[in-house]
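Student: Please see the structure below; I have some questions.
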Amino acid sequence: MTQVMDPPSLDSATQSPGKLHGVIAEFETVNDIMRAAKKTRAEGFKRWDVHSPFPIHGIDAAIGIRPTILPWIVLICGITGMLVGLALVLGTMATDSIDLPGLPGAAAPIRGYTFLISGKPFNSFPAFIPVVFETTILLSAFGAVFGMLLLNRLPKLANPLLKSVNFRRVTADRFFIEVQALDRRFDKDKTTEFLKGLGAVSVELIED
Amino acid sequence: MAHHHEPVLRDDDKRRLGAGARSFGLTSIVVGIVALVAAVGVSKMSGGGWERFGYAYVTNFGYFLSITLGGLFLVLVTHLFRAGWAVAVRRIAEVIAANMPVMAVLFIPVLLYVYMGDGVLYPWAAKSFDEPSAGHHASVEPGDDVQIVTVSTESASHEDAAVDHGAEVVVDADPGGDGFVKSRIENHKMVLQHLVPGKRPYLTRWFFTLRWVIYLAIWSGLGLYYLKNSVAQESGDGVKLTRRLEKLAAPGTLLFALTITFAAFDLMMSLDPVWFSTMWGVYYFAGSALAAVAVMILALMALQRFGYLPSVSAEHYHDLGKLLFMFVFFWGYIAFSQFMLIWYANLPETNYWFELRGITSQGGNPFVSGWTCVSLVLLFGHLLIPFALLLPSWVKRSRVLLPFWAVWLLAMHWVDHWWIVMPNYSTPSPQLPTVELLCLLGVGGVAVGCAVLRATRQGLIAAGDPRLGESLGHVNPY
């Protein structure tokens, strides 16, 4: 039942033998993939993943996915946004004059718009809060969206796994474990043998 | 795991509160009544008389009414959104909401103040209210030739605004002193009395009474109906009843939003018939929902300590913690919006309300009164500190920190109500809140005691809800 297939099975004429991306192992049931995922994790692999047609309850724990660092990126972006917002409103609205003698070209002192608004002091903090709030939110949202894209290495126009014909069934009824060649413990032959030993229906080498 | 079975209720989940809870409830009611009598006594002895007791009572009636309304809101909104996760903890909110008839009974003293107090609590309820120059609530018609003498040197905007209203303010020149603020506010109010007659059709005794009958009927009806049908699911067609309750949740939420808005206007905004804020209703609602989530967290923790509801897990607390965090921020957002609009517009008919609470730089000193400190306590204690420290997800899952913040926020919610109501009685600084805290024990003893007695009458979990399995198996992905 277990068979190792040579990579590019499809339109091989156009393919030049590339760098090894990794190895995928195919499983038939959720129970198989859960068991295999736990063993793969126990083996000490770090750069590997499970592909499945639907979300599997408990698979995150079985893979051992660590918490994302995205919140810290968002926090740093949020604080940056707050400081930018503060600098903006204080610099433009609450600055009578700032002397920057060291700055080349800044011969005249920098002056903000000293608008008198309903008799309030120039530095009227409550009026600035909405602006500071909005810049904080804006940069936090940028941090969340672009940080997520960066961490997921998106946009990605092609994935080497899509070259595999077997892998197409991942959107229908098959489950796959992918171990990337970048993993420190990866060894072309040993990893293939290991995955075969987990009861995979097929194990396939994927080239980039 | 794909075919994982939905978890089922354990025997202890279905256990009902026993004799211990009943005696706790009865003791609580007795303590409450004793505390209310003691509050009247202390108020009389300290020279506050019925006036101070009235304000203290409204403070605490508003406080416990807000928790009851918050419970009703959580029941309505979880049905409206078909919140599966909440089913395991929803019975607590249902019991809180079904306590509304008790709040209707506790409202009777407020009505007595309206009919027999002669304006001691609600100035508009005074017989002499419509007569000109009655006490310090004298009315000044626009265009009246008011003597214009100004000693204020601090604020150009105040003078301009006052000129716009055709009258000027007479103040004694004591900038920075307590008398300065107080006399300034009194003068402001006197000048602004001409705004009150427009509200007269609304602020009458019979209309006030009619409105409260309607509010309390709607709230009690909704609260009792949801609890009754949730219990009926255990023996009847659970799916059919859930559909019915979900259908009712939409008009119920609309009714809730309208009634809580006007009730907040009536109960606390009309303590000062001059002042108005269109955000008042949502401000009261924000605190209500926050307090109700905090009470739910504490009630669940307490019940679990006695071995009830073993199936309620960190996942449910995590979600309640998220709601708690959200309402902390929502309250801050609304409170700040209300403040900023009034501060920015700087109209005398609204900004004196914050001046009264010490949020002013009149007299050149930003710390003008004792209420300034309370205002700052609210800014930091009700918003900034809990916002920052409730942010991490592990805090929301902690069995030590989450109840700590729930207690903290309930205390802050009380300070909020104290800060709303009591400056109408004692300015420029608060008095030691002896009567107010006795009333907290009094109204709280009766309200909590009756809620506990209500909780003994049925199971503590919505065992017949078809989404219970989903709730018991609920997991937060993040």
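Student: Would you mind getting me the FRET efficiency between residue B:19 and residue B:234? Use the beta-carbon distance for r and R0 = 30 Å, nearest 0.05.
Tutor: Values: r = 22 Å, r/R0 = 0.74.
My answer for the efficiency is 0.85.
Student: Another one. Going by how many other Cβ atoms sit within 10 Å of their own, how do B:195, A:182, A:139, B:432 line up, fewest first?
Tutor: Numbers: B:195 17, A:182 12, A:139 21, B:432 8.
The most exposed by this proxy come first: B:432, A:182, B:195, A:139.
Student: A further question follows. With θ set to phi - 60° and the Karplus curve 6.51 cos²θ - 1.76 cosθ + 1.60, what are the ³J(HN,Hα) couplings of the stretch A:61-74 in order, to the nearest whole Hz, using x for Gly and Pro?
Tutor: Values, residue by residue: 5, 5, 6, x, 5, 7, x, 6, 8, 3, x, 5, 4, 5 Hz.
Student: What percent do you get for the relative contact order of the stretch B:234-339 when only Cα pairs under 8 Å and 6+ apart count? Walk me through the numbers before you get to the answer.
Tutor: On the way: 46 pairs, mean separation 30.0, N = 106.
Computed value for the stretch B:234-339: 28 percent relative contact order.
Student: Using the 10 angstrom Cβ neighbour count as an exposure proxy, how do B:349, A:178 rank, fewest first?
Tutor: On the way: B:349 19, A:178 23.
Taking fewest neighbouring Cβ atoms as first place, the list is B:349, A:178.
Student: Under the rule of -39500 (n - 2.57) per DSSP H run of 4 or more residues, summed and divided by the residues of chain A, what mean residue ellipticity at 222 nm is obtained, to the nearest 500 deg cm²/dmol? Walk me through the numbers on the way to the answer.
Tutor: Numbers: 5 runs with 80 residues, N = 208.
It lands at -13000 deg cm²/dmol.
Student: Which ³J(HN,Hα) values in Hz, rounded to whole numbers, follow from the phi angles of the stretch B:379-396 under the Karplus curve 6.51 cos²θ - 1.76 cosθ + 1.60, where θ = phi - 60° and Gly and Pro get x?
Tutor: The phi angles translate into 4, 7, x, 9, 10, 5, 5, x, 4, 5, 8, 8, 5, x, 5, 5, 5, 5 Hz.
Student: Too long at a 21 Å Cα-Cα cut-off: which of A:19/A:156; B:44/B:127; A:156/A:196? Write out the running numbers ahead of the final one.
Tutor: Values: A:19/A:156 18 Å; B:44/B:127 24 Å; A:156/A:196 29 Å.
Beyond 21 Å between Cα atoms: B:44/B:127; A:156/A:196.
Student: Also: From Cα pairs below 8 angstrom and at least 6 apart in sequence, can you work out the relative contact order of the stretch B:290-431, rounded to a whole percent? Walk me through the numbers before you get to the answer.
Tutor: Numbers: 132 pairs, mean separation 48.1, N = 142.
Dividing the mean separation by the residue count of the stretch B:290-431 yields 34 percent.
Student: Within 10 Å, count the other beta carbons around each residue, average over each peptide in B:15-27, B:301-313, and list them highest first. Please list the in-between numbers first.
Tutor: Details: B:15-27: 14.2, B:301-313: 16.5.
Highest to lowest by the protection proxy: B:301-313, B:15-27.
Student: Extension gain residue B:475-residue B:340, at 0.36 nm per residue separation less the Cα-Cα distance, in nm? Before the final figure, lay out each step's value.
Tutor: Working: separation 135, 0.36 × 135 = 48.60 nm, distance 3.99 nm.
So the chain would gain 44.6 nm between residue B:475 and residue B:340.
Student: Rank these for me by crowding, B:382, B:194, going from fewest to most other beta carbons within 10 Å. Don't jump to the answer; show the numbers that get you there.
Tutor: Values: B:382 24, B:194 19.
In increasing order of surrounding Cβ atoms, one gets B:194, B:382.
Student: Connecting C-alpha atoms closer than 10 Å in a GNM of chain A, tell me which of A:138, A:157, A:149 has the biggest fluctuation.
Tutor: For chain A, modelled as a Gaussian network with Cα springs under 10 Å, the answer is A:157.
Student: Still on this structure: Sequence-distant or interchain residues sharing an amide H contact under 5 Å with residue A:206, placed H: which?
Tutor: It is A:21, A:22, A:23, A:24, by chain and number.
Student: To the nearest whole number, what is the average tally of beta carbon atoms from other chains within 10 Å of the beta carbons of peptide A:50-56? Each step should come with its number before you reach the end.
Tutor: Details: counts 0, 0, 1, 0, 1, 2, 2.
The per-residue average across the peptide is 1.
A short reminder: the numbers here are calculations on the coordinates, not readings from a lab. On a predicted model such as this, the values are computed, not experimentally measured, just so you know. In this analysis, Cβ positions are derived from the backbone assuming ideal geometry, glycine residues included, and neighbour counts consider all displayed protein chains.
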